[in-house]
1. Quick one: which of L19, L79, L43 is surrounded by 15 or more Cβ atoms within 10 Å (Cβ to Cβ), in contact with a Pro (Cβ under 8 Å, 6 or more places away or on another chain) and not hydroxyl-bearing (S, T, Y)?
2. Taking segment 23-33, which residues are surrounded by 11 or more Cβ atoms within 10 Å (Cβ to Cβ) and outside any helix (DSSP H, G or I)?
3. Name the pairs: first residue in segment 75-92 and touching a residue at least 24 places away in the same chain (Cβ under 8 Å) and among the hydroxyl-bearing types (S, T, Y), second residue in a helix (DSSP H, G or I) and crowded, with 16+ Cβ neighbours inside 10 Å, Cβ to Cβ under 6 Å, at least 6 apart or on different chains?
4. Return yes when G52 is in contact with a Phe, Trp or Tyr (Cβ under 7 Å, 6 or more places away or on another chain) and touching a residue at least 24 places away in the same chain (Cβ under 8 Å) and no when it is not.
5. Which of (1) in contact (Cβ under 8 Å) with a residue 60 or more places away in the chain; (2) more than 14 Å from P8 (Cα to Cα); (3) crowded, with 20+ Cβ neighbours inside 10 Å does Q61 not meet, given it meets every other one?
6. Looking only at segment 79-120, which residues are touching a strand residue (DSSP E or B) at 6+ places or on another chain (Cβ under 7 Å), under 18 Å from E10 (Cα atoms) and of a type in the set (A, V, I, L, M, F, W, C)?
7. If R124 satisfies all but one of (1) out of contact with any strand residue (DSSP E or B) (no Cβ under 7 Å at 6 or more places or on another chain); (2) under 25 Å from P14 (Cβ atoms); (3) surrounded by 16 or more Cβ atoms within 10 Å (Cβ to Cβ); (4) of a type in the set (D, E, K, R), what's the number of the condition it fails?
Amino acid sequence: MPTLPWIPMEKADPGTKVLVMASRLEVRSLRHVPGFFLASLALLRQARRSEGAHGFTLKAQLLKRTFWTLSAWSDRKALQSYAAAEPHASTMRRKRAVMRDSTFVFWDVQGADLPIDWADARRRIAEHARDA
């Protein structure tokens, strides 16, 4: 299971509130895994150049067809700007047809709490799925 380590980007002030987003993305078939994984790496490159991005990590469970992302942003506007920019916007439109299930969870932390722990992110995603 490939897991990219936390990639720090723009340093967050320790006392500043930071938006965290965690996602669980599942594709319909194993044949979609390679393309989705390559697209994820392209979106990581985009995130590295995005204003307001504090850090990012990706976990890919290839045989389970499941991808997990965890990122930190200065605010919701920075995250929305990233999602609306290319290549993210067109990639998500193209990949929507191969998606089986997606879960997104958002919460705030202090900059001093970065990087976020995978166990915390997965717990929050599981709680969100249970409540949905």
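1. Numbers: L19 fails: in contact with a Pro (Cβ under 8 Å, 6 or more places away or on another chain); L79 fails: in contact with a Pro (Cβ under 8 Å, 6 or more places away or on another chain).
Step by step, each of L19, L79, L43 is checked, and only L43 is surrounded by 15 or more Cβ atoms within 10 Å (Cβ to Cβ), in contact with a Pro (Cβ under 8 Å, 6 or more places away or on another chain) and not hydroxyl-bearing (S, T, Y).
2. Once the filter is applied, which keeps residues that are surrounded by 11 or more Cβ atoms within 10 Å (Cβ to Cβ) and outside any helix (DSSP H, G or I), segment 23-33 yields S23, R24, L25, E26, V27, R28.
3. Filtered contacts from segment 75-92: T91/A39.
4. Considered against the rule, which asks whether it is in contact with a Phe, Trp or Tyr (Cβ under 7 Å, 6 or more places away or on another chain) and touching a residue at least 24 places away in the same chain (Cβ under 8 Å), G52 comes out as yes.
5. Looking at each condition in turn, Q61 falls short on (3).
6. L79, V109, L114, I116
7. (1)
Where a number appears in this text, it was derived from the coordinates with a stated rule and is not lab data. Note that the structure is predicted; figures quoted are calculated from it, not measured. Ideal geometry is used to build each Cβ from the backbone, glycine not excepted, and the neighbour counts take in all protein chains shown.
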